[in-house]
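Inspection log for the structure reproduced underneath, given as structure tokens.
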Amino acid sequence: MTVSQTNFAWATLLEVGGRGRLHDRLAHALRAAIRDGRLAEGAAVPPSRALAEDLGCSRWVVTEAYGQLVAEGYLTARVGSATRVSWSPVTADRPRAQRAPARPAIRYDLAPGLPDLRAFPRRRWADAVRAVIGSAVQYDLDIPDPAGHAALRTTLAEYLRRSRGADADATSVSVCAGVTDGLARTCRALHAEGITDVAVEHPGWPRLRAAVTSAGLRAHPVPVDQDGLRVDDLVRTPARAVVVGAAHQFPTGTVLSPARRARLVRWAREVDGFVIEDDYDAEFRYDHHPVAVMQGLDPGRVFLLGTVSKTLSPALGLGWLVAPPVMIPALRTANPVAAAPPVLDQLALSTFIDRGWYDAHLRAARRRFRARRDLLLDTLAAEVPEGRPAGTAAGLHVLLHLPDDTDTRRTVQAAASAGLRLADLDDYRTEQSPGRALVLGYGNIGDTEIPAAVALLREALRSTALAAPRTRRPDQPRRSASSSSS
Ligand SMILES: Cc1ncc(COP(=O)(O)O)c(C=O)c1O
């Protein structure tokens, strides 16, 4: 960090020295200045751009540090006004009821579920918002259509036809807040049409199951194998609809095989039911061209759900739902109070896609994620050789199978206390199942952080293995993280 004459005051105040990541060091320096009273309660901190200039670092470093201190309750940020110190050593023991609970200190994030938040296209998104604010006509500012603004529906239909092989037009597409919201709307419509039982993948993302049950439907877990959802097991349930991640199932990472796709569509016709396709992670396929959506096989039987949560940011809360024509009226009547996301955000997304910025962003993200995936796999092979990665061809996470005697739950806890966030496959299971594995997301971690993160993972596996005497079958050779990873 360079220090010039003009930034002398802040540089002296903050003393951003030491080792570690710059934004952590800056957060540490700010926290120290607040805690010892050098920055008083109510004082405004400089705008992130100005402080970044003063300190000679990127603006991202400052926004990350501010964000961390907002989460911890030291700073308060309000749109349109300065970020201010909201903590004082004098009044520190008064109740902190209004403060948001601090997030645990995470140094490295290998938890699945996030794209690269550092690479959010801030400038172009801001350009899109500015263009929309400048050009919105009165009609745009009128009471919103609950199915979404016509401009975004048209843009999405064209995008989904062109890039996902979907059968969509502006009438079949509606805008929603993401896959979870789209699924809840779909389930309410199915319920209104007399469908009471819906199959979900096992293992699977718990929020999808919650969306099904919150609409008053019964959820039936159906196992997933290396070809995706097991249709043989599906036919034995009373379900007339199924939620399926065809492009990259979460968390197993399997791609639904062509034969299973065809069978699923046949099943939907036979039971007079529907397939609900969660097009999760579909934009990121590394070893082949993206696989087209199943929805194109039978648009009368397949709902298609998509989101920008994995491509831009979940904070935008923007997604889409393509419905079979026969279900469009039920979608409206069964969701009488559902609103589409804010219209100006919808128009910003429409502009962002129309100007080619979404495609450009995805191309760059794909290149970055492929390289990061390769780096993660190489590092895992060297440091955690007892692990067997799977589901690596697409998406933003890998499944790391581990020996049966690994205590994955305690490994996740040990990693968390060392500052590494990751997930246990068991978190996505609703019943006891054989096979131990961790789910490692590589969307929201810097390339340079991967070696240190994997070293912490190796240590967590080692400490857990040493702490617990393992049980093993007599015929099974003892394999432990400690013996094979050094
Ligand atoms: C399987 C699956 N589908 C979809 C999503 C995206 O959901 P939403 O669009 O509601 O953010 C996620 C997010 O983690 C997910 O795990």
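Before moving on, here are some points about what is shown:
- Semi-axis lengths, largest first, of the ellipsoid equivalent to region 360-484 are 27, 15, 13 Å, with √(5λ) applied to each eigenvalue of the Cα gyration tensor.
- Summed residue charge, Cβ within 11 Å of residue 365's Cβ, Lys/Arg positive, Asp/Glu negative: +4
- For the chain, the ratio of Cα radius of gyration to the globular rule of thumb 2.2 N^0.38 Å stands at 1.06.
- Between the amide H of residue 111 and those of 421, 441, distances stay under 5 Å, these residues lying 5 or more places away or on another chain, with hydrogens modeled in the peptide plane.
- Residues whose amide H lies under 5 Å from that of residue 220, counting only those 5 or more places away or on a different chain, are 198, 199, 200; hydrogens are built 1.01 Å from N in the peptide plane.
- Across the alpha-carbon atoms of region 124-204, the computed radius of gyration and Dmax are 16.4, 48 angstrom.
- From most to least packed by mean Cβ count within 10 Å, the peptides 418-427, 374-383, 246-255 give 246-255, 418-427, 374-383.
- Largest-first ellipsoid semi-axes for region 268-315, taking √(5λ) over the Cα gyration tensor eigenvalues, angstrom: 24, 14, 7
- Size-normalised alpha-carbon gyration radius of region 136-355, reference 2.2 N^0.38 Å: 0.96
- In region 391-436 the Cα-Cα distances spread across 5 Å bins starting at 0 as 5, 19, 24, 26, 18, 7, 0 percent of all pairs.
- Scoring 302-312, 135-145 by mean Cβ neighbours within 10 Å over their residues and listing the highest first yields 302-312, 135-145.
A short reminder: the numbers here are calculations on the coordinates, not readings from a lab. All values derive from a computational prediction rather than experimental measurement. Note: ideal-geometry Cβ built from the backbone for every residue, glycine included; neighbour counts use all protein chains shown.
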